[in-house]
Amino acid sequence: ALVDPDKFGIALATIDGRLWSCGDAEVEFTIQSVSKAFSYCLALELLGREEVFRHVGVEPSGDAFNAIIFDPQTQRPFNPMVNAGAITVCALIHRVLKDDSLEFVLDRFSKAAGRRLRISEAVYRSETETGHRNRAIGHLLVNVGAAEQPIEPALDLYFKQCSILVTASDLARMGAGPGG
């Protein structure tokens with residue numbers, strides 16, 4: 001509600017490092033759910049496809065991004081792009097890296113963006129104060145075995161990764177990959 005609705009920027013980056021942008025492409029905003037794709041890649045890198053797939057699927061759910069529903073056959077979240085799957089991914093990252101999880105995520109996102117990114121403390125505080133549905137999802141993930149206790153560090157990582165500040169140019173570079 002506090003974001004200026006008149007801001008608009010677009011950016012395109014190529015894999016060879018060229019960047020084109022227009023408008024408000026250098027105005028920061030929080031990455032929110034766009035972070036899910038990047039953290040999923042980090043989990044795959046850390047744990048491998050088989051281990052990640054044991055905890056989160058890759059099928060479309062047809063449900064809202066914040067639905068509290070899991071695959072009825074596997075009891076896994078349907079995919080890493082819904083909140084349940086993204087929280088599971090954060091739990092996996094935290095399982096491997098423990099207290100170094102946030103720094104790893106922030107460092108890797110920053111390298112992909114080509115500059116040091118930071119967290120919006122105001123958005124993070126808001127996410128933690130109002131994230132009751134995500135907390136419920138986290139506890140249900142523990143209940144079905146998709147995530148391990150304690151779930152709170154994974155939820156904290158999820159809230160923080162969604163609160164990372166980026167620009168349209170950052171996201172273009174991040175999407176272009178290592179050469180971008």
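Please determine whether any residue of segment 38-47 is of a type in the set (A, V, I, L, M), open to solvent by 20 Å² or more (accessible area, probe 1.4 Å), in contact (Cβ under 8 Å) with a residue 24 or more places away in the chain and within 18 Å of R115 (Cβ to Cβ). There is no residue in segment 38-47 that is of a type in the set (A, V, I, L, M), open to solvent by 20 Å² or more (accessible area, probe 1.4 Å), in contact (Cβ under 8 Å) with a residue 24 or more places away in the chain and within 18 Å of R115 (Cβ to Cβ).
Being touching a helix residue (DSSP H, G or I) at 6+ places or on another chain (Cβ under 7 Å), among the aliphatic types (A, V, I, L, M) and either assigned to a helix (DSSP H, G or I) or closer than 23 Å to K111 by Cα (or both) is the filter here; which residues of segment 36-56 pass it?
Within segment 36-56, the subset touching a helix residue (DSSP H, G or I) at 6+ places or on another chain (Cβ under 7 Å) is 36, 38-40, 42-44, 46-47, 52, 55-56.
Checking which are among the aliphatic types (A, V, I, L, M) leaves us with 42-44, 46-47, 52, 56.
Listed by number, the residues that qualify are L42, A43, L44, L46, L47, V52.
Being without any contact (Cβ under 8 Å) to a residue 60 or more places away in the chain, touching a Leu at 6+ places or on another chain (Cβ under 7 Å), hydrophobic (A, V, I, L, M, F, W, C) and assigned to a helix (DSSP H, G or I) is a property that L117 lacks. If only residues of segment 57-103 that are at positive phi and part of a loop (DSSP other than H, G, I, E, B) are counted, the one that is modelled with the highest pLDDT is Q75.
Quick check on this structure: which one of A1, A25 is aliphatic (A, V, I, L, M), outside any helix (DSSP H, G or I) and touching a helix residue (DSSP H, G or I) at 6+ places or on another chain (Cβ under 7 Å)? It would help to see each step written out before you state the result.
Numbers: A1 fails: touching a helix residue (DSSP H, G or I) at 6+ places or on another chain (Cβ under 7 Å).
None of the other options fit; the residue is A25.
Pairs linking a residue in segment 146-167 that is closer than 16 Å to S110 by Cα and without any contact (Cβ under 8 Å) to a residue 60 or more places away in the chain to a residue that is of a type outside the set (G, A, S) and outside any helix (DSSP H, G or I), with Cβ atoms under 7 Å and 6 or more positions apart or on different chains, are K160/I119.
The values are calculated or read from the model by the stated rules, or taken from the named source; none is laboratory data. Note that the structure is predicted; figures quoted are calculated from it, not measured. Note that each Cβ is placed from the backbone with ideal geometry, even for glycine, and that neighbours are counted across all protein chains shown. Keep in mind that these areas ignore ligands, DNA and RNA; they rest on the heavy atoms of the full protein, side chains included. Shrake-Rupley method; radii C 1.70, N 1.55, O 1.52, S 1.80 Å.
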